[in-house]
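In what follows, a single structure is set out as structure tokens and then discussed.
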Amino acid sequence: MITGKTVFKIFCWVAFIIYLVVLARLIFFETKIDNVTYRYLQISRGISIKINFKISNWVPGISTWAIINSNQGLPFILQNLVGNIVGFIPMGLLIAILFVRARSYKMMAIIGCATSAFIETTQLLAVRGYFDVDDIILNTTGVVTGYFLFCTLVVPLVQRLKISALLQ
């Protein structure tokens, strides 16, 4: 007999797989370098490395500063900065639900950083987008924020509904 917990876990696994597929599509197949960041990084000689006409940012804050100081407006800033955080919130939520041993801020930070570093390195080597250390920081922030939401919203809701077995 299939229990509610089993159905819930299957649902979460399916959601996690769909999330990873959508994330991969967005990151590897719809990535383009915006002109403002590209020009700013070109000017910052010695800080960035040019590989196959793509610019890589190895210094924290450079591309974030360029985006904030651009004249592109709030939608541009939200898409580039907030998008990197919001895009990784589901990862923190779903990992916390699926993996009991990963339920700590330290583990979420490690998972977020490692996942993001893998993505950025893959972008660098595959010449799909560009390596940006700021993305690693923002994406890790998103994963940790997802875990924070898990702790502050999901856990109390589950306890209130007396269905704590779902999260074990």
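Before moving on, here are some points about what is shown:
- Relative counts (whole %) of C-alpha pair distances in segment 64-140, using bins that are 10 Å wide: 19, 42, 30, 9, 1
- Derived scalar couplings between HN and Hα for segment 117-124 equal 5, 4, 4, 5, 5, 4, 4, 5 Hz in order, rounded to whole Hz, by the Karplus curve 6.51 cos²θ - 1.76 cosθ + 1.60 (θ = phi - 60°), x for Gly and Pro.
- Taking amide hydrogens as placed 1.01 Å from N in the peptide plane, the amide H of S56 sits under 5 Å from those of I49, I51, each at least 5 positions away in sequence or on another chain.
- Computed packing ranks the peptides 103-111, 66-74, 80-88 as 80-88, 103-111, 66-74, most packed first, by mean other Cβ atoms within 10 Å.
- The string of couplings for segment 130-142 from the Karplus curve (6.51, -1.76, 1.60, θ = phi - 60°) is 8, 6, 9, 5, 5, 5, 4, 5, 5, 5, 4, 4, x Hz, one whole number per residue in order, with x for Gly and Pro.
- Net charge contributed by nearby residues that have their C-beta within less than 15 Å of G61 (K/R +1, D/E -1): -3
Each value in this text was obtained by applying a stated rule to the coordinates, not by laboratory testing. Being a predicted model, the structure only gives us computed values, none of them experimental. Every residue, glycine among them, receives a Cβ derived from its backbone with ideal geometry; neighbour counts consider all protein chains shown.
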